[in-house]
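To keep things clear, I will list the structure first and then write my remarks on it.
The values are calculated or read from the model by the stated rules, or taken from the named source; none is laboratory data. Please read all numbers here as calculations on a predicted model, not as lab measurements. Here the Cβ positions follow ideal geometry from the backbone for every residue, glycine too, while neighbour counts run over all protein chains shown. Calculation scope for accessible area: heavy atoms of the full protein, side chains included, ligands and nucleic acids excluded. Shrake-Rupley method; radii C 1.70, N 1.55, O 1.52, S 1.80 Å.
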Amino acid sequence: MPAEIRQAMMEYWKEHSKEGSVNEMMLDTCAEELTKEELPEILSYLPDFTGKVVVELGAGIGRFTAELAKKAERVVAVDFMEDFVEKNKKENYHMGNIEFVVADVTKMERPKESVDMIFSNWLLMYLEDREVQDLFGKLLTWLRPGGHLFIRESCRHQSGDKDRGVNPTQYRQPELYEAYYSSVTIPCDKNNFYGFDLVVSKSVHTYIKRKNNNNQMLWLLEKAKKDNSRNHGFKSFREFLDMQQYSTRGILLYEKIYGRAFVSTGGLETTKEFVELLNLQKGQKVLDVGGGIGGSAFYMAKNYNVKVTIIDLSSNMTHIGLDRAQEVGVGPDQVVFEVADATRREYPAESFDVIYSRDVILHIADKLALFKKFFKFLKPGGKVLISDYCCSPDEHCEKFKAYVEQRGYNLLSPAAYGKVLEEAGFVNVRAEDRTQQFADSLNTEIARAESIKDEFLNEFDEEGYRSIVDGWKEKQDRVRLGDQRWGLFYAEKP
């Protein structure tokens with residue numbers, strides 16, 4: 001069967017690429033204009049590969065090959081169509097650091113841990129499901145620890161406007177690719193294994209902007225060592241969030257208590273108060289770290305006319321957030337969603353005017369490294385505003401310790417939190433203990449839940465209702481004991 005499939009693909013490309021032009025490669029009559037924006041956008045998501053070994057799979061006529069070769073020590077450009085490889089070679093051989101290979105990637109081999117980055121643009125949609133799964137495993141072995149895999153695919157349906165006739169392309173749901181790469185592991189030692197960690201996943205913005213099409217998806221993955229004992233038996237922290245604390249049901253329960261599109265303390269009320277501290281100006285760029293289902297971002301975009309990028313590690317949050325964006329009439333030119341790990345995601349220096357985060361950084365152990373990233377991402381004079389769960393500086397009761405362990409939280413006292421921001425280089429740091437405001441919000445939210453109990457039960461069930469009310473009362477107990485605190489943090493980049 002694979003041989004028949006590959007032959008069908010070869011005939012498909014022979015029919016649709018007689019000249020080997022960019023229009024033919026992209027299967028779109030607007031390709032020349034699209035590529036002016038799309039190509040630099042794609043490159044902008046890549047990690048620094050200067051002086052590294054890069055394998056480019058499905059290189060075609062070399063639309064990206066020359067760009068990769070400008071920085072890489074060596075590029076291995078692979079395609080199964082010999083005519084494409086020859087055209088790529090003719091155009092780019094002079095660069096001197098490119099190896100041109102005619103090969104079927106499903107049969108190709110490379111030495112173990114010999115590659116720093118693998119780049120694939122529109123390839124997996126031409127493979128069968130089993131081939132895709134097997135290829136992810138193979139690519140994981142090729143990569144060095146800490147190496148990256150970039151993939152970009154057309155999902156759900158055709159994007160280009162060129163008539164295809166018989167079209168053997170598989171336009172998969174994005175979740176299927178996520179399931180494939182998440183399930184791949186290779187042994188490392190007795191207690192650890194290697195797998196892929198997500199750095200970022202998002203729609204290609206050029207296609208959203210030019211074609212109102214969010215089905216061009218990209219993923220940047222990192223080969224990471226994973227400890228079998230961590231994440232409560234889940235393959236990754238992201239899986240832990242999506243399957244446990246931030247399951248779709250859990251998110252909707254939180255939203256019911258916090259208000260439409262909100263999943264953080266105080267909902268719209270605290271958002272209005274905190275955002276006012278930022279003195280946002282029209283056209284500014286905001287990074288919302290752990291932006292959840294979008295409530296704060298939508299408020300900022302609609303009321304201050306700023307552009308917001310939301311990053312959240314939970315794909316469930318992002319999927320619901322995209323629905324809420326349509327509901328409130330906020331477009332991708334105002335709020336962009338990324339499924340991304342804030343500890344791994346990189347942006348160019350001085351990209352944002354404001355970094356905003358609500359009750360999220362409690363999940364991150366190395367706060368100093370994260371705040372140094374924030375410092376880099378901000379423009380001079382840029383501002384940080386964070387609310388977060390905190391703890392008292394004193395010894396904590398065993399029940400509180402168990403709660404923190406079960407949730408995987410990493411908590412600091414409000415004062416210690418502020419010191420970390422200062423250590424990262426920020427000035428005018430304000431670290432405020434807002435625990436009383438947190439307690440007041442809990443009281444309001446419990447009263448709200450009790451007042452709409454019948455509505456709650458109709459939408460969910462008794463178990464869902466009790467999980468909210470009892471969970472909020474447990475928070476009240478932790479606050480009364482003095483173990484749990486809530487902090488608000490403001491800082492500026494000089």
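Taking the options L287, L313, name whichever one is in contact with a Phe, Trp or Tyr (Cβ under 8 Å, 6 or more places away or on another chain) and open to solvent by 10 Å² or more (accessible area, probe 1.4 Å).
L313
Kindly provide the set of residues from region 399-414 that are surrounded by 14 or more Cβ atoms within 10 Å (Cβ to Cβ) and on the phi < 0 side of the Ramachandran plot, ordered by number.
The answer is F400, Y403, V404, R407, Y409, N410, L411, L412, S413, P414.
Those residues that are of a type outside the set (D, E, K, R) and modelled with pLDDT of 95 or more, I need them from region 112-126; list them, please.
S114, V115, M117, I118, F119, S120
Considering only residues that are over 19 Å from R430 (Cβ atoms) and among the hydrophobic types (A, V, I, L, M, F, W, C), look in region 263-285 and name the one that is modelled with the highest pLDDT.
Within region 263-285, the match that is modelled with the highest pLDDT is L268.
Quick check on region 300-310: of everything there that is out of contact with any Lys or Arg (no Cβ under 6 Å at 6 or more places or on another chain) and open to solvent by 40 Å² or more (accessible area, probe 1.4 Å), which residue is nearest to E175 (Cα to Cα)?
Per the criteria, the residue is K302.
Consider I468 carefully, then state whether it is part of a helix (DSSP H, G or I), of a type in the set (A, V, I, L, M, F, W, C), open to solvent by less than 80 Å² (accessible area, probe 1.4 Å) and touching a residue at least 40 places away in the same chain (Cβ under 8 Å).
For I468, the condition - part of a helix (DSSP H, G or I), of a type in the set (A, V, I, L, M, F, W, C), open to solvent by less than 80 Å² (accessible area, probe 1.4 Å) and touching a residue at least 40 places away in the same chain (Cβ under 8 Å) - is met.
Of the residues that sit in region 245-262 and are open to solvent by 50 Å² or more (accessible area, probe 1.4 Å) and farther than 13 Å from S467 by Cα, which one is modelled with the lowest pLDDT?
T248
Can V429 be described as part of a helix (DSSP H, G or I) and of a type in the set (V, I, T)?
No; evaluated as a whole, the condition is false for this residue.
Please count how many residues of region 345-379 are open to solvent by less than 10 Å² (accessible area, probe 1.4 Å) and β-branched (V, I, T).
Total satisfying the criteria: 3.
For region 356-375, indicate whether the set of residues that are within 21 Å of W219 (Cα to Cα) and touching a residue at least 60 places away in the same chain (Cβ under 8 Å) is non-empty.
no
For every residue, the table says whether it meets (1) surrounded by 16 or more Cβ atoms within 10 Å (Cβ to Cβ); (2) more than 27 Å from the chain's Cα centre (by Cα); (3) not basic (K, R).
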site	(1), (2), (3)
E109	no, yes, yes
S114	no, no, yes
L139	yes, no, yes
H148	yes, no, yes
C155	yes, no, yes
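Show me the helices (runs of 4 or more DSSP H) found entirely inside region 265-382 where at least 3 residues are aliphatic (A, V, I, L, M) and within 28 Å of L412 (Cα to Cα).
Passing ranges, in order: 367-377.
Residue pairs, Cβ under 6 Å, 6 or more apart or interchain, first in region 425-440 and under 23 Å from F375 (Cβ atoms), second modelled with pLDDT of 95 or more and open to solvent by 80 Å² or more (accessible area, probe 1.4 Å). List them.
Pairs that qualify, where the first residue is under 23 Å from F375 (Cβ atoms) and the partner is modelled with pLDDT of 95 or more and open to solvent by 80 Å² or more (accessible area, probe 1.4 Å), are V427/P494; V429/E422.
Could you list all residues from region 479-494 that are over 32 Å from the mean Cα position of the chain (by Cα) and either part of a helix (DSSP H, G or I) or surrounded by fewer than 14 Cβ atoms within 10 Å (Cβ to Cβ) (or both)?
V479, R480, L481
If D197 passes every condition in (1) part of a loop (DSSP other than H, G, I, E, B); (2) in contact with a Lys or Arg (Cβ under 8 Å, 6 or more places away or on another chain); (3) among the acidic types (D, E) but one, which one does it miss?
Of everything listed in (1) part of a loop (DSSP other than H, G, I, E, B); (2) in contact with a Lys or Arg (Cβ under 8 Å, 6 or more places away or on another chain); (3) among the acidic types (D, E), D197 misses just condition (1).
In region 416-433, is there at least one residue being over 23 Å from V354 (Cα atoms) and within 32 Å of the chain's Cα centre (by Cα)?
No, region 416-433 has no match at all.
Given L135, L149, which one is under 30 Å from F193 (Cα atoms) and either of a type in the set (D, E, K, R) or part of a strand (DSSP E or B) (or both)?
L149
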